[in-house]
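Worksheet: one structure, shown below.
The values are calculated or read from the model by the stated rules, or taken from the named source; none is laboratory data. Computed from a prediction, not measured in an experiment: that's the story for all the values here. For neighbour counting, all protein chains shown are included, and Cβ atoms are generated from backbone atoms with ideal geometry for every residue, glycine included. The area values use the complete protein model at the heavy-atom level, side chains included, leaving out ligands, DNA and RNA. Shrake-Rupley method; radii C 1.70, N 1.55, O 1.52, S 1.80 Å.
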Amino acid sequence: AMKWGQLGGAMRAAVSASPLAAAAAATTFIAPLALRSPSSAEAFFARKPMSSNASEARIPLQGLSVKMFQYEICPFCNKIKTVMDYCKVPYDTVEVNPLSKAQLSFTKELPEDHVAHKYKKVPLTMVGEELVADSPVILDKLLQLVAADASGNKDLEMLCKSANDDEVKKWVVFADKELAVLLFPNLTRTFAESYEAFGYVHDVPGFSFVDKMANQWMGATAMWLAQGKIKKKYNITDERKALHECIGRWTSAIGSKDFLGGSSPNLADLCVFGTLRSLEGFATHREILAQTDVGPWYERMGKAVGPRNGARSSRT
């Protein structure tokens, strides 16, 4: 049997000559072999939607509902979900088709001066009746609402207060600008890893069989081929080494404390944890837990954040 490394070399050469033909060949000849192995996203979307009854949430978010358009493996989406999970805010997720983006087609009907007019990125979040785009803006919006209801809850009061701390702000930016940008090249080092990353599409209830096959094979191929461009853009030579070093800077900042925030997580803890949580179930995630010092903090964060609080968004 052809090894993944040999397959990768053959596919890269084939796609350079004819991307469309290579994608078709992959679907026809390789899919039957790969589909014999279970997806690493074995329980994606397996949970029943949680109740959206505000009284069941620790913080009711002033009674507003939250619906987020997402990619399940998007680090920026997982960052936002982690903050809502920690605050026990119920939310719904809508999985966006990475190829067609059909679930975002409604944005073209928005007024031209609306920030989300023709918006084709995720996360895109409906908070009550307000449509909010871009993860830092969404995060600010949610924290404003959480702060309005946090009186008497020490952990949430500390969380909201930490958002104004300059050191915390630095690490929140670190999660977006340094850590998150390293995840893509690490998930797509080989075609096998890229294929694994797109395995979640098979468990999205609203995707047809054609959607699932097209996204996993064409999406995985395209992202694997784009890895080199991403590395060049961010001046990355060895993506694994860069990821380990990046995580090392974070664990050094935590030091001997349980969290960067001390005895409880601050906003930076949540943002870094959410970014890394997007890797759960993948070989990259298992490796960094085993080969870096982030494991004990990550385990503490998992307990502090608690279970995923949104409908159709669990991977465990």
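Here is how the numbers come out for the structure above:
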| read-out | value |
| --- | --- |
| Among the residues listed as 115, 172, the single one being modelled with pLDDT under 95 and either open to solvent by 10 Å² or more (accessible area, probe 1.4 Å) or part of a helix (DSSP H, G or I) (or both) | 115 |
| Residue 202 being part of a helix (DSSP H, G or I), in contact with a Lys or Arg (Cβ under 6 Å, 6 or more places away or on another chain), open to solvent by 10 Å² or more (accessible area, probe 1.4 Å) and not small (Gly, Ala, Ser) | yes |
| Which numbered condition residue 152 misses (of (1) assigned to a helix (DSSP H, G or I); (2) at positive phi) | (1) |
| Residues of segment 33-83 that turn out to be at pLDDT 95 or above, out of contact with any Cys (no Cβ under 6 Å at 6 or more places or on another chain) and closer than 15 Å to residue 127 by Cα, as a count | 8 |
| Spans of helices (runs of 4 or more DSSP H) in segment 214-316 with at least 1 residues open to solvent by 40 Å² or more (accessible area, probe 1.4 Å) | 220-233, 239-254, 283-291, 295-305 |
| Restricting segment 132-141 to residues that are out of contact with any strand residue (DSSP E or B) (no Cβ under 7 Å at 6 or more places or on another chain) and open to solvent by less than 20 Å² (accessible area, probe 1.4 Å), the residue that is farthest from residue 65 (Cα to Cα) | 135 |
| Residue match in segment 84-97 (condition: touching a Phe, Trp or Tyr at 6+ places or on another chain (Cβ under 9 Å), part of a loop (DSSP other than H, G, I, E, B), open to solvent by 30 Å² or more (accessible area, probe 1.4 Å) and under 22 Å from residue 150 (Cα atoms)) | no |
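Condition check ((1) within 29 Å of residue 242 (Cα to Cα); (2) within 23 Å of the chain's Cα centre (by Cα); (3) part of a helix (DSSP H, G or I)) across all residues:
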{"position": "100", "(1), (2), (3)": "no, yes, no"}
{"position": "111", "(1), (2), (3)": "no, no, no"}
{"position": "147", "(1), (2), (3)": "no, no, yes"}
{"position": "161", "(1), (2), (3)": "no, no, yes"}
{"position": "178", "(1), (2), (3)": "yes, yes, yes"}
